[in-house]
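Enquirer: Handing you this structure, nothing more for now.
The values are calculated or read from the model by the stated rules, or taken from the named source; none is laboratory data. From a predicted model like this one, the values you see are computed outputs, not experimental measurements. Here the Cβ is made from the backbone with ideal geometry for all residues, glycine too, and neighbour counts use every protein chain on show. When the accessible area is computed, the model is the full protein with side chains, heavy atoms only, and any ligands, DNA or RNA have been set aside. Shrake-Rupley method; radii C 1.70, N 1.55, O 1.52, S 1.80 Å.
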Amino acid sequence: MSLTQGAAALILMTLKSVNSNPTRQRRKQARPQELLEAGLALFVEKGFAATKSEEVAALAGVSKGTLYLYYPSKEELFKAVVRESLSARIAEGEALFANHHGSMADLLTLVMNEWWRRVGQGKAGGISKIMLAEARHFPDLALFYVDEVVLPTHQLLGRLIERGIESGEFRPVPVAETVHVLIGPMLYMMLSEHSFSVCKTQLPVIDPLVVLAVQLDLILRGLLAAPQTTKTTD
C-alpha cells in the first residue's frame, strides 16, 4: 500500500469512527453548556470561594481535566457563567432598544419584566448575591463584573430614559439617579429570592410581578411628562 493510499485509508477509518458514534459527538458539543449549567448551580448554591472545580466536573459528568480543557481555571469558568447568564441577556435588551421605535414607557416595562423572567427568578439571579458577598475577596472578578454587567446595565437603562426625555415622553430627570431607583427594587427581590426564600422566616411574602407592576406604575407616573394644556381666555 502506498503512502497516499495509507493516508486515505486512515482518513476513511476516522470518518467511519466519527459517523458511527453520533451520540458521542453530540455529547461533546453539548459539554461546554453542561459545564456552565453545573457551574452556575454550584456557584449559586455554595458561593464562588466554596465551590471546587472537581465538584463542577462531577456534576457535569466529566473529569476535572476535561473541565480545564474548556475553562482553564475556576475564575474563567465563573466569567463564562456570567457572560452566558447575564451579559447575553443585556445584549438582548440592547437589541430591543436598538429596534424599538415606539413608547419608551412600554419598552421600559418590557425590559424590566423580561429581566425578572429571564434572570431574577432563576439561578442566574443568584450571581448578584455572590458578587455582593464575595467581591471584596476577589477584586479581579469584581472589576470584571462591573465591566461586564453593572456598567452595561446602567448604560442601557440610562439611554432608554434619555431617549424618552429627548422625545418629550419623559420629563427631565437626573438620569443616573433614576437608573438606581429602577435597579434597587429588582436587586432587593433577587437577593431575597436567593437568601430568605430558602429559610423558614416570617418575612412578608413578596410577589415579584406585583412589586414590579407597582414600581413601574410609580416610576412612570413620575417620569411621564405632564400633558400640554391649552389656556383659554374669556
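Enquirer: Given Leu141, Leu151, which one is among the hydrophobic types (A, V, I, L, M, F, W, C), within 20 Å of Asn113 (Cα to Cα) and modelled with pLDDT of 95 or more? Show your work before the answer.
Expert: Working: Leu141 fails: within 20 Å of Asn113 (Cα to Cα).
Residue meeting the stated conditions: Leu151.
Enquirer: Given the criteria modelled with pLDDT under 95, assigned to a helix (DSSP H, G or I), open to solvent by 100 Å² or more (accessible area, probe 1.4 Å) and within 27 Å of Val82 (Cα to Cα), does Leu209 qualify? Let's see the steps before the verdict.
Expert: Details: modelled with pLDDT under 95: yes; assigned to a helix (DSSP H, G or I): yes; open to solvent by 100 Å² or more (accessible area, probe 1.4 Å): yes; within 27 Å of Val82 (Cα to Cα): yes.
Answer is yes for this residue.
Enquirer: If you don't mind, there's one more thing I want to ask. Which residues, counting only those in region 46-87, are under 30 Å from Gln155 (Cα atoms) and among the charged types (D, E, K, R)?
Expert: Across region 46-87, the qualifying residues are Lys74, Glu75, Glu76, Lys79, Arg83, Glu84.
Enquirer: With a cut-off of at least 1 residues that are without any contact (Cβ under 8 Å) to a residue 12 or more places away in the chain and either open to solvent by 80 Å² or more (accessible area, probe 1.4 Å) or over 25 Å from Thr51 (Cβ atoms) (or both), name the helices (runs of 4 or more DSSP H) lying wholly within region 95-203. Talk me through it step by step, then tell me what you get.
Expert: Values: elements: 104-115, 126-134, 139-145, 151-167, 175-193.
Per the criteria, 104-115, 139-145, 151-167, 175-193.
Enquirer: Here is a check on your reading of the model: is Pro227 farther than 30 Å from Val81 by Cα and exposed (fewer than 15 other Cβ atoms within 10 Å of the Cβ)? Working first, answer last.
Expert: Working: farther than 30 Å from Val81 by Cα: yes; exposed (fewer than 15 other Cβ atoms within 10 Å of the Cβ): yes.
Taking the combined requirement at face value, the residue satisfies it.
Enquirer: Does region 79-89 include one or more residues that are over 14 Å from the mean Cα position of the chain (by Cα), open to solvent by 30 Å² or more (accessible area, probe 1.4 Å) and under 20 Å from Gly125 (Cα atoms)? Full working, then the answer.
Expert: Filtering region 79-89 down to residues over 14 Å from the mean Cα position of the chain (by Cα) leaves none.
No, region 79-89 contains no residue that is over 14 Å from the mean Cα position of the chain (by Cα), open to solvent by 30 Å² or more (accessible area, probe 1.4 Å) and under 20 Å from Gly125 (Cα atoms).
Enquirer: OK, next. From the set of residues in region 33-48 that are more than 15 Å from the chain's Cα centre (by Cα) and open to solvent by less than 40 Å² (accessible area, probe 1.4 Å), which is farthest from His194 (Cα to Cα)?
Expert: Among residues in region 33-48 that are more than 15 Å from the chain's Cα centre (by Cα) and open to solvent by less than 40 Å² (accessible area, probe 1.4 Å), the one farthest from His194 (Cα to Cα) is Leu35.
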